[in-house]
Amino acid sequence: MKRRALCGTSFAGVAVLCSVMAAGCGGGSDLPALTVTIPATAAEDGGDVTGTVSVAVAPASDLTVGLASDNTDRATVPAQVILPSSGTSVDFTITIVNNGDVVGDELVTITATAGSYEHGYDSMTVTEDDVATITVVIPQATINEGSTLPGTVMVNVAPSTDLEVTLTTTDDTLLAVVSPVMILAGEISAAISITATENGTVDGDVDVDVVPDAVGYVPVSDTITVIDND
């Protein structure tokens, strides 16, 4: 990954831009540089990935390199690694954090530092695997014909504006639900009302799903058994 950075050089008092690798421009320093190389992307649910710290010339003795992540909610690294005097690179593990929250893709920068070396860094995008869902929750497994019970519709990401939720059932001759309902901005739930119809016919006990629908959310239904009274 290349970045544009001020090299710290100037001509007639004007700073000159140069193209540098992710290890940084060095600010005109003659110190050797650390180079950090990590994958460009990592999936939140994809497990750990590997990064590398390298130098152009092997150090005279084992070199302790400090590592840091600027976003530990998405990726963490060990506090340090040892680059042996016999080599010019060392691998390290980047632990990708699966936080269960819907926050979208986020950039994480990993930085390496060591005495007498210019620091190095590289960035990766941790891609989101979680989705915004809307879920119906029915507090009991059965309902008798002619009865009404409360339920809840819930989201895992609070809406920024009032969210209209449409509710349907897979058999509206047996089960009715008041629709639509609103989840208010900043809230994560709203009450719903479910009624089993007294239809006067012998249907037997029937499982019926209550299904939510709202723009931008993946629906998760719940099932209740309507007990036939006839």
Measure off 7 Å from each Cα along the Cα-to-Cβ vector at GLU106 and SER189, then give the distance between these two points in nanometres to one decimal.
2.6 nm
So between ASP162 and THR125, what do we pick up on full extension, going 0.36 nm a residue minus the alpha carbon distance?
10.2 nm
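Laboratory data are not the source of any read-out in this text; all were calculated from the coordinates shown. This structure is a prediction, so every number in the text was calculated from the model and none was measured. Virtual Cβ from ideal backbone geometry, glycine too; neighbours counted across all protein chains shown.
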